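Worksheet for the structure shown next.
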Amino acid sequence: MVRIFGILIGLFFSGWLLVSFGMGAKEYYTNRPADTAEHAFHQHAKDISFTSDGPLGKFDRQQLQRGFQVYKEVCAACHSLRLVAFRNLEDIGYNEAEVKAIAANWPIPTPDIDPATGEMSTRASLPSDKFPKPFANDVAAGAANNNAIPPDLSLITKAREGGAPYIYSLLTGYQNPPADLPAANQPGPGLHYNPYFANLNLAMAPPIAAADQVSYSDGTSATIEQMAEDVSAFLIWTAEPKLEERHQTGWAVLIFLLIATFLGYLSYKTIWADIKAEKKKKEAEA
């Protein structure tokens, strides 16, 4: 009796779920929500590939150094890299002396007060230090950026849907609003139209605004697209500095598993060969 009662209860709830699902599906297809301007004008990330893409991907150290230069000269004024230490730059091709020189030109605030000026004093960064924040706190960051707090870029390619192609698209996507953009979605004071951003309008002004904004030491032409691609590649590295090691480990593990599977199969054949032969012999004698 208890079993029958339990089955009936289960059938009731299962039927109720099916009815609810059917009613919800009917409501969605008969009264679909109207597309907003964000849906109509928002664009997906541009199709761009990086050398680190795919299971065999590797970083282009020269490109990473160019990307770091773009970050240092363009992005660092507003965006932090709080999870990256100066000494990590050795992984992208800088030697110890170069890392020390880079760190020395990046002052870090200290709790001490300069008695001569009354201002907070600073010290030169050490290779073991993380990249310092460009603002003292979020209040100062918002005040300097139209009340929008610039995000930390350490993991930005992991934190944003679309990853590095999205970052590249955003940096190269600033444009004038289309003529048919609704008035409610027109960029207000201090905002900039960008169809790759979720709500179409960004508080961040175009950071890469013109060609040759950065002078590359390797002779690469510093177009807007090139600078955007280089800094996007650099931010892939900041988010996944061990990407190459992970790829190498993955292939080693895969090869090991294939070999182990083959050896296991041979062991199976060897161990059970005599048993099968003995079983067939007994069956024949019977």
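The values are calculated or read from the model by the stated rules, or taken from the named source; none is laboratory data. Keep in mind it's a predicted model, so treat the numbers as computed, not measured. Every residue, glycine among them, receives a Cβ derived from its backbone with ideal geometry; neighbour counts consider all protein chains shown.
Any idea which residue in the stretch 149-176 is farthest from residue 78 (Cα to Cα), counting only those that are surrounded by fewer than 18 Cβ atoms within 10 Å (Cβ to Cβ) and touching a strand residue (DSSP E or B) at 6+ places or on another chain (Cβ under 8 Å)?
Only one residue fits best here, namely 176.
Does the stretch 116-139 include one or more residues that are among the acidic types (Asp, Glu) and farther than 20 Å from residue 156 by Cβ?
Yes, the stretch 116-139 contains a residue that is among the acidic types (Asp, Glu) and farther than 20 Å from residue 156 by Cβ.
Can you name the condition, by its number, that residue 59 falls short on among (1) at pLDDT 75 or above; (2) surrounded by 10 or more Cβ atoms within 10 Å (Cβ to Cβ); (3) out of contact with any helix residue (DSSP H, G or I) (no Cβ under 9 Å at 6 or more places or on another chain); (4) not hydroxyl-bearing (Ser, Thr, Tyr)?
(3)
Yes or no: residue 233 in contact with a helix residue (DSSP H, G or I) (Cβ under 9 Å, 6 or more places away or on another chain) and surrounded by 10 or more Cβ atoms within 10 Å (Cβ to Cβ)?
Judged against the criteria, residue 233 is a match.
Does residue 73 meet the test of being of a type in the set (Asp, Glu) and either part of a loop (DSSP other than H, G, I, E, B) or at pLDDT 80 or above (or both)?
Yes; evaluated as a whole, the condition is true for this residue.
Within the stretch 142-166, how many residues are touching a residue at least 12 places away in the same chain (Cβ under 8 Å), part of a helix (DSSP H, G or I) and more than 22 Å from the chain's Cα centre (by Cα)?
Count: 1.
Kindly check whether there is at least one residue in the stretch 177-184 that is part of a helix (DSSP H, G or I), over 27 Å from the mean Cα position of the chain (by Cα) and in the same structural domain as residue 232 (by TED's automatic domain parsing).
Checking the stretch 177-184: at least one residue is part of a helix (DSSP H, G or I), over 27 Å from the mean Cα position of the chain (by Cα) and in the same structural domain as residue 232 (by TED's automatic domain parsing).
For the stretch 61-78, name all the residues that are in contact (Cβ under 8 Å) with a residue 60 or more places away in the chain and either within 19 Å of residue 152 (Cα to Cα) or among the small types (Gly, Ala, Ser) (or both).
Correct list: 64, 67, 68, 69, 70, 71, 73, 74, 75, 78.
Which of the numbered conditions does residue 81 fail, given that it passes all the others? Conditions: (1) part of a loop (DSSP other than H, G, I, E, B); (2) in contact with a Ser or Thr (Cβ under 6 Å, 6 or more places away or on another chain); (3) without any contact (Cβ under 8 Å) to a residue 60 or more places away in the chain; (4) not basic (Lys, Arg).
Among (1) part of a loop (DSSP other than H, G, I, E, B); (2) in contact with a Ser or Thr (Cβ under 6 Å, 6 or more places away or on another chain); (3) without any contact (Cβ under 8 Å) to a residue 60 or more places away in the chain; (4) not basic (Lys, Arg), the lone unmet condition for residue 81 is (3).
Restricting attention to the stretch 178-205, and to residues there that are surrounded by fewer than 16 Cβ atoms within 10 Å (Cβ to Cβ) and free of Cβ contacts under 8 Å to residues at least 40 places away in the same chain, which single residue is nearest to residue 150 (Cα to Cα)?
205
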